[in-house]
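So the structure is just underneath, and the comments pick up after that.
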Amino acid sequence: MTARFASNLLVLILGAVLAPAHFIFSAEAVRWITFGTGAAATIVVAAAFLVRGRGPAQRALDVLMALTGAWTAASALVFGASTIGWLALGEGGALATLGVFGLVVHEVVMERPLRVVDRQVAPEAQVAPDGLAFTPPQRPAQVPVAPWPS
């Protein structure tokens, strides 16, 4: 698992946990869950940002994720209890959406070229209906059979 995939998946999970918190926990619990989630998302993305080879699209998403995480942590300490609940819902949705976009970018940038390389390495390979390359089974050579004596 690459750092790109792991950071995007963690941000997606953090956002998915934060979004329904307003409907499950008390206002003070939501405040601290929101603060912890925002801080965790910011730390995860900042640590992953240091990894080389993330590409410009992922770097842009990293900046958006870090800003959203920092805003989430700061808003949890600034706004009132009733406002925090609805902000947590929106911020959790935003983090989850950015995590999904990051996973899609990871798929397009990292995984798709590997499939193209597989097709170039094995030119006799065919493409299955699901888009994956496979090599058809080889038929056994025909063995000449002697005619029946007459």
Practice item. Could you pull the accessible area for T2 with a 1.4 Å probe, rounded to 10 Å²? Key: 60
Check your understanding: Once the Cβ-Cβ distance between W86 and A39 is put in as r, and R0 is 25 Å, what FRET efficiency do you end up with, to the nearest 0.05?
Key -> 0.80
**Study point:** Distance (nanometres) between label positions extended 7 Å along Cα→Cβ at V100 and W148
**Key:** 6.8
**Study point:** Packing-based order for 54-61, 13-20, using average beta carbon neighbours within 10 Å, highest first
**Key:** 13-20, 54-61
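The values are calculated or read from the model by the stated rules, or taken from the named source; none is laboratory data. Keep in mind it's a predicted model, so treat the numbers as computed, not measured. When we count neighbours, we look across all protein chains shown, and the Cβ atoms used for this are built from the backbone with ideal geometry, even at glycine. Please note that ligands, DNA and RNA were not included when accessible areas were found on the heavy atoms of the full protein model with its side chains. Shrake-Rupley method; radii C 1.70, N 1.55, O 1.52, S 1.80 Å.
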